[in-house]
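Please read the structure below before turning to the comments.
Derivation of every value follows stated rules applied to the coordinates shown; laboratory data play no part. Every value quoted in this text rests on a predicted model; they were computed, and no experiment measured them. Positions of Cβ are backbone-derived with ideal geometry, glycine not excepted, and every protein chain shown enters the neighbour counts.
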Amino acid sequence: MTSQSITAATAGTWTLGDLTVNRMGFGAMRLTGGRPFHRDPPSDRDRVIAVLRRAVDLGIDHIDTASYFSPLRSANELINSALAPYPEGLVIATKVGPGRDPSGAWLPMARPDQLRGQVEENLRQLGRDHLDLVNLRVMRLDSVAEHFGALAELREAGLIRHLGLSGVRPGHLAEAQAIAPVVCVQNRFGVGAEEEDHAFARLCGEHGVAFTPFFAVAGQGRESGARGDDAEEVLRVARAHGVSAAQVRLAWTLQLGPHMLAIPGTGDPDHLTENVAAGALRLTDDEMARLTSLRDPGA
């Protein structure tokens, strides 16, 4: 099987509430160009629209986005332009919490009463009458009760189908679950993560909650992207399989458990194909153990 013939279905599926998706998804962060929280030049519009359409052709049916990624271009608008009318079964997950003012300046956290406006703006940009999945992106909140409660009300009103959390701790998850069902947790996680992060990922699985890492490929490069300084252990495994370090990181993520989803993002069609092909990579038990034991923050 060549990388060109592998589809997102190879990685298997998971059900978010009542929505079944392939576990290999797509993150829209990089569609807007460069770093999402800076004023980097916008990406090539035609190129990223082609990447989005190619993603769907490759079987990706779970796209993760947010309206606050860039002050210069909306990832949501690009998704709308590329894919509407949306194919049946496509799940678009978005995030609310942070935002931007009319000038494009970064606003770290909305008040609970401002979340409806953010939801409505996502609906407008995406051209939809409801949102499949909304993750509350938590920025320096000790309690998520008021914010999550506000989203639960919008879910009851039919504007949102399912709810999730992003950037949270186990206490936040328990607090939210007491208010409304949580189908997804989206946290920073990847090779080199601390044991407490692994424990939280396992806890989500025990609760039937999807765990969707961000920066799983970029690692310490975060929103700037992969830095090319992968740990020797990652490179050793990559050489053994004849694949890239990024593919090893994605395969490792998926093999941690059936509830683990992957949402690598790219504006490059070749990287997109490689990312999807990682769903077919099978690491040995020994390789999984060696990678999981890494605790180097630069891993």
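Overview of values
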{"quantity": "Extension gain, residue 140 back to residue 178 (0.36 nm per residue minus Cα-Cα distance, nm)", "calculated": "11.6 nm"}
{"quantity": "Positive dipole terminus of the chain, leading residue within 50, 172, 94 (C-beta point charges)", "calculated": "50"}
{"quantity": "Sequence of 233, 88 once ranked by neighbouring C-beta atoms within 10 Å, starting from the fewest", "calculated": "88, 233"}
{"quantity": "The chain: angle of helix 115-126 to the longest principal axis, Cα-based, in degrees nearest 10", "calculated": "60"}
{"quantity": "Over the chain: Rg over Rh, Cα atoms, Kirkwood Rh", "calculated": "0.94"}
{"quantity": "Segment 3-292: antiparallel DSSP beta bridges as a percent of all, rounded to 5", "calculated": "20"}
{"quantity": "Length added when fully stretched, residue 153-residue 46, from 0.36 nm per residue minus Cα-Cα", "calculated": "34.7 nm"}
{"quantity": "Spin-label zone in segment 49-77 - amide nitrogen under 20 Å from a point set 7 Å from the Cα of residue 7 along the C-beta vector", "calculated": "50-64"}
{"quantity": "Residue 57/residue 124 FRET efficiency (R0 30 Å; Cβ-Cβ; nearest 0.05)", "calculated": "0.65"}
